[in-house]
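In what follows, a single structure is set out as structure tokens and then discussed.
The values are calculated or read from the model by the stated rules, or taken from the named source; none is laboratory data. These figures come from a predicted structure and were not determined experimentally. So basically every Cβ, Gly included, is an ideal-geometry build from the backbone, and we count neighbours across all protein chains shown. Surface accessibility is based on the protein's heavy atoms, side chains included, excluding ligands, DNA and RNA. Shrake-Rupley method; radii C 1.70, N 1.55, O 1.52, S 1.80 Å.
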Amino acid sequence: METSFPAGLALGLLSGFRLTTGAGRTSVVPGAQRLIALLALQERPLSRACVADALWPSGRPDRAGANLRSCLWRVNRRCGPLIETSAQHLSLADGVAVDVRAVSRQAHRLLEGPDPCEDCLTAATLADLSLDVLPDWYDEWVLVEREQFHQLRLHALEAMSGRLVAVGRFGVAVDAGLAAVRAEPLRESSHRAVIRAHLAAGNDWEAARQYVRCCRALHRELGIEPSPALRRLVPFRDSTLMLLH
């Protein structure tokens with residue numbers, strides 16, 4: 001039998017936990033939030049033992065199992081059939097919209113093949129790719145999932161910047177590159193994306209400024225010089241760049 005959900009049921013994990021229906025946001029206690037988020041991020045059925053160990057790693061197995069049963073009861077009572085259960089496994093029910101899954105699909109489209117991906121080159125996609133998964137949560141399983149998505153979104157932002165340059169949308173291309181720089185200020189490939197966008201727009205001065213910002217950050221934080229790839233990208237003499245210091 002097909003699961004019945006309230007209209008518009010959606011789970012948000014980017015920038016924080018949100019569970020909403022067509023009627024608005026639904027309040028969920030922290031323990032239940034973690035159970036829902038864990039299942040949403042994994043995208044596959046998990047054994048009950050695995051879930052209990054991830055959510056209550058320092059407790060006894062029997063106590064963790066009891067906590068899990070209590071948590072499931074709270075979710076079912078508050079949210080309806082949100083979690084599919086069997087004797088051994090748990091999973092998020094089909095039909096629940098999860099923002100991380102949707103944004104990850106957009107990111108992979110930006111990274112893969114010759115697909116023009118015009119619908120990925122939007123302000124909404126840029127905004128979504130500028131967010132991290134559950135930034136205020138520090139559970140071990142969250143840290144792993146957040147880092148994986150973080151790396152995916154950085155690569156996607158850089159790819160997005162390049163695709164926008166290719167279609168002549170230089171301003172948004174700069175924005176996409178800068179979003180990656182804000183996320184990882186010492187990531188050279190992100191600075192290169194910004195510089196390429198400025199150069200494509202004919203803004204050599206802005207490209208030179210971004211180059212100097214990158215050089216300063218690398219020297220200050222890591223004590224290293226920019227790579228040859230970055231130096232070759234900026235077609236200015238050293239004397240011209242010195243004017244920006």
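Shown in residue order for segment 64-76 are the 3J(HN,Hα) couplings computed by the Karplus curve 6.51 cos²θ - 1.76 cosθ + 1.60 at θ = phi - 60°: 4, x, 5, 4, 5, 4, 5, 5, 4, 4, 5, 5, 4 Hz (x for Gly and Pro). Each residue of segment 9-104 gets 99 Å³ once the volume of the Cα convex hull is shared out per residue. Most tightly packed first, judged by the mean number of other beta-carbon atoms within 10 Å of their residues, the peptides 51-57, 227-233 read 51-57, 227-233. Using only alpha carbon pairs under 8 Å that are at least six residues apart, calculate the relative contact order of the chain and give it in whole percent. Contact order relative to length: 14 percent. Evaluating 6.51 cos²θ - 1.76 cosθ + 1.60 at θ = phi - 60° for every residue in segment 210-223, the Karplus couplings come out as 5, 4, 5, 4, 5, 4, 4, 5, 5, 5, 5, 8, 10, x Hz, glycine and proline recorded as x. Cysteines in the chain lacking any other cysteine Cβ under 4.7 Å from their own Cβ: C50, C71, C79, C214, C215. About its Cα centre, the chain has a charge dipole of approximately 400 debye under the convention of +1 per Lys or Arg Cβ and -1 per Asp or Glu Cβ, with nothing else charged. Taking the three principal axes of the alpha carbon atoms in the chain, the coordinate ranges are 69, 38, 30 Å, sorted in descending order. Hey, rough spin-label estimate for A102 and S27, points 7 angstrom out along Cα→Cβ, what's it come to in nanometres? Those two pseudo-labels are separated by 2.6 nm.
Near H89, the amide H atoms lying under 5 Å from its own belong to R48; only residues 5 or more places off or on other chains count, and H is placed 1.01 Å from N. Computing the accessible area with a 1.4 Å probe over protein heavy atoms, can you report the carbon and sulfur percentage for the chain? Ligands and nucleic acids excluded, carbon and sulfur give 53 percent.
A simple charge model with +1 on the Cβ of Lys and Arg, -1 on the Cβ of Asp and Glu and nothing else charged puts the dipole of segment 64-182 at about 340 debye relative to its Cα centre.
The mean accessible area for residues of the chain, using a 1.4 Å probe and ignoring ligands and nucleic acids, is 54 Å² per residue.
Normalising by residue count, segment 60-116 has a Cα convex hull of 136 Å³ per residue.
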